[in-house]
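A short worksheet on the structure shown next.
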Amino acid sequence: MKEIVEVAVGLPLYKTFHYRIPEKMKSSLQVGMRVLVPFKDRKVTGFTIDLLDQPPKGIEEKLREVDNLLDGAPLIDLQMLRFYRWISDYYLYPLGEVVKTGLPPGLHLKSEMILSLTQDGIESLTKGGLDPIQERIFREIERCGKVTLKKMLKIFPGETSRSQLFAWKRKGLVNIAAGVEGKDVRPKFEKFVQYCGGGFAKPIPRKQAEVLNWLEEKGEVPYSELGRRFKSSSKAVQSLQAKGLVTICSREVCRDLSIRSELKAYPRPELTSDQEGILVEILKGIHSRRFSPFLIHGVTGSGKTEIYLRAIEEVLAQGREAIVLVPEISLTPQLLSRFEDRFGKNLALLHSGLGKGERYDQWRKIWKGEVKTAMGARSAIFAPFKNVGIIIVDEEHDPSYKQEEKLKYHARDLAVVRAKQVEATLLLGSATPSLESFYNAEKGKFHLLHLPERIEGRPLPRVEVVDMKGEEGLLSGKLKASLQKNIEEKKQSLIFLNRRGFANFILCPECGLTFKCPNCSVTLTYHLRDRSLQCHYCDYRIPAPGDCPKCEGHRLRGMGIGTERLEQEIKRLFPDIRVERMDRDTTSRKHSHLQILKRLESGNIDILVGTQMIVKGHDFPNVTFVGVASADTSLSFPDFRSSERTFQLLTQVAGRAGRGKTFGEVVIQTFNPDHYSILKAKDHDFVGFYQEEIQFRRALEYPPFSRLINFRLVGNSEKRTKVMAEEMGRIGQSLLKRGHGKGIEILGPSAAPFAKMRGKYRWQMLAKGKRSQLLHQFARELAAKLEAQIKGKGVNLDIDVDPVFIL
Ligand SMILES: [Zn+2]
Ligand SMILES: [Zn+2]
């Protein structure tokens, strides 16, 4: 029997902690379970990561006991624990927090300070004579029985404080103890009524007989359904149960998913010879049961999805499991229905569009082994399968695979790591692979497979680039003429603009005033529908002013266009045509995204205007024209990947045109008609783009020729954040001088590209190096030294590691 357990607590701490295992838990406690443990003056949740015979040297006396065991069975197995350890090491993120990220939301528990009145406290209320505020607070505690400290501070802001409440505790009036708020999501149980058969000697009353007949026909029904069907059925059921004719049982049920596909079914297609060819290669990998990484470079519409489906079928036939990652936005009903058609109930879905309970149920189905395929956005990489045979990452280049908050993991990179750890096949697919992946393929680390043609030999659309320098208005003559022609031919069109709202910003031409977000260093976007100015980063909004608040001028003007303005302009040009818009503003309600796509599919929309939401995953044969209103928004973004991003967006959006039997046409408007990312997109020339871009990366030593770690300091005070950033620079330089970190180059510290975001000031420093191990070593040393400096100063260090090359 083990005596000691090592616990990774769910707190931002790198260290793990040891606890004694109480006698009563010795037979049940295993690695991978959640426990409640004492931590300073609180109790916190943690994950058990190792069991030991005796405590590590030198800390025997200090060890405290595990308080409570929260699970009956491990939530993570050793394989997943190994995966989580890797992530924690690589992204420099506490293990407990990493495990938390991988579990469905709402599963971990948080301990809270819980208040209640003592006997003396209650008596002080009955005696009276308390000061009015204290009396109100005590009454509230009495009314609640037990209440969290947090909630009390919220109910009485400014009237009480933490220290006041603790002062009452010292006087013996109030109890304050650490406890667990039971917010855990739980399995959902439902009552069922079952027909037992057999007869009953005496005649049965009419009502009971009716119910019984119906149950005989159905076999088993949910109790609630019975209630809907028969008035006051509960009495009848009780009597039937007493007679032994029916039984009532309670069973775990799965919460219904809010996405369900209702679109057209896909028949299983014949494979083209190209598809056959690459499937043969992939099957070899699957049969080898070794780590087999593939990159499928397939033009848009070349039939990658069918390859995925066939590969999964093979893995399932081996008795192993499959994980499919898709970008959040492309988890469309179309894609879903294809997977459901093929795998039916053997499919779990994991993405942020599901409610907490729904997500938990889907996770449990995987965990219990009830399904063999999981599909979802980036978090699906944590699907708790035990025997993964294949991991597929569709649109592997998509930026939504990177989590930008907290644990800044890249799901594609984690797919590579997990597939390698469990000896699985890895399929990365894209029409526009990321530079990193294509470079890996060139170096022979990924096996490169090509799908150079669209299925049924459909041609790629013809793309024309229009230089907007010679044009007036939002839409060029060329784009207008093409739209007109498409309308006359009764075809559908998409117009893409990667910016929502009406005007990008408002300017007073008399005094030059623009409206900035007080919380972020960005201008506010004008929205016509509710006449507001909004920040797209923090959701700050104000009513749009009529006159300039500074000079009282009357000529406030919107500059730069957004989708709202574009939609208005197109409606003005083509008044008799059905125009709709798809962006975050028009799809905030549940299912509204799906409804727009349905109207497009059924031909009830002639022109759809939208942001990158319209770019992905959809396959509408009657869409034959795509217009790009401005290719310049992504090009001007302050990031070394902006050219790559532009090329990807343009290629993907162009790929929406002409997926049916008719030839497709694309018009791209830009002020940079000679930029290589636009010219190569025009020619559908990924390899050509790659060759230009890789030269630029090599020259500047950007990934994939180096690795980057961004150290970002985020703080409430502008001055203190800057001072700490300077300190960070000094620590970095001194580490380099002392020979820590060979070949590492430091850029900065400097104010971040968006120097203020959601009210916080941001400074950053980049470290660039060729060798991952050295760079990580440097990062750990820097973080440790810096953490000591910034402790208690209201400044936080945020580390972003980019990208992973583990092979
Ligand atoms: Zn003005
Ligand atoms: Zn803002």
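Measure out, as a whole number of angstrom, how far apart the alpha-carbon centroids of the stretch 571-601 and the stretch 443-494 sit. When both Cα centres are located, 21 Å separates them.
Take the solvent-accessible surface of the protein heavy atoms, probe 1.4 Å, and return the percent of it on the chain that carbon and sulfur atoms account for. C and S atoms contribute 49 percent here. When the C-alpha to C-alpha distance is required to be over 21 Å, the pairs from Lys516/Lys590; Lys406/Lys756; Lys2/Lys57; Lys478/Lys571; Lys443/Lys770 that qualify are Lys516/Lys590. So in the chain, what percent of DSSP beta bridges are antiparallel if you round to the nearest 5? Here the antiparallel bridges make up roughly 60 percent for the chain.
For His397, the residues 5 or more places off, or on other chains, whose built amide H falls under 5 Å of its own are Ser434.
Cross-link check: pairs Lys191/Lys235; Lys304/Lys490; Lys408/Lys742 evaluated at a Cα-Cα cut-off of 19 Å; pairs beyond the cut-off: Lys304/Lys490; Lys408/Lys742. A cysteine counts as unpartnered when no other cysteine's C-beta lies under 4.7 Å of its own; in the chain this applies to Cys144, Cys196, Cys249, Cys254, Cys538.
Sorting the Cα pairs of the chain by distance into bins of 10 Å, from 0 upward, gives 2, 10, 17, 22, 21, 15, 9, 4, 1, 0 percent per bin.
Where only DSSP H runs of four or more residues are counted, the chain gives -10500 deg cm²/dmol as its mean residue ellipticity at 222 nm, each run worth -39500 (n - 2.57). Whole Å is fine, so just give me how far the alpha carbon centre of the stretch 702-720 lies from that of the stretch 318-389. If we compute the Cα centre of each part, the gap is 34 Å. How high is the relative contact order of the stretch 571-727, given as a whole-number percent (alpha carbon pairs under 8 Å, six or more residues apart)? RCO, the stretch 571-727: 17 percent. Only Cα pairs under 8 Å and 6+ residues apart enter the sum, and on that basis the relative contact order of the stretch 503-563 stands at 40 percent. Applying the criteria of a DSSP loop state and at most 10 other Cβ atoms within 10 Å to the trypsin sites (Lys or Arg not before Pro) of the stretch 716-807 yields Arg738, Lys791. Taking amide H atoms as placed 1.01 Å from N in the peptide plane, the amide H of Val253 lies under 5 Å from those of Lys188, Phe189, Glu190, each 5 or more residues away in sequence or on another chain. Here the stretch 113-137 and the stretch 618-674 have alpha carbon centers that stand 67 Å from each other.
For the stretch 123-139, the Karplus equation 6.51 cos²θ - 1.76 cosθ + 1.60, evaluated at θ = phi - 60°, returns couplings of 5, 4, 5, 5, 5, x, x, 6, 6, x, 5, 4, 4, 4, 5, 5, 4 Hz by residue, with Gly and Pro reported as x. Put simply, the amide H of Asn175, placed in the peptide plane, has neighbours under 5 Å in Ser116, Leu117, Thr118, leaving out anything fewer than 5 places away on its chain. On the basis of the beta-carbon distance and an R0 of 56 Å, Ile248 and Arg289 show a calculated FRET efficiency of 0.75. A 1.4 Å probe run over the protein chains yields, for the chain, 46 Å² of accessible area per residue, whole-number rounding.
The values are calculated or read from the model by the stated rules, or taken from the named source; none is laboratory data. Keep in mind it's a predicted model, so treat the numbers as computed, not measured. So basically every Cβ, Gly included, is an ideal-geometry build from the backbone, and we count neighbours across all protein chains shown. Please note that ligands, DNA and RNA were not included when accessible areas were found on the heavy atoms of the full protein model with its side chains. Shrake-Rupley method; radii C 1.70, N 1.55, O 1.52, S 1.80 Å.
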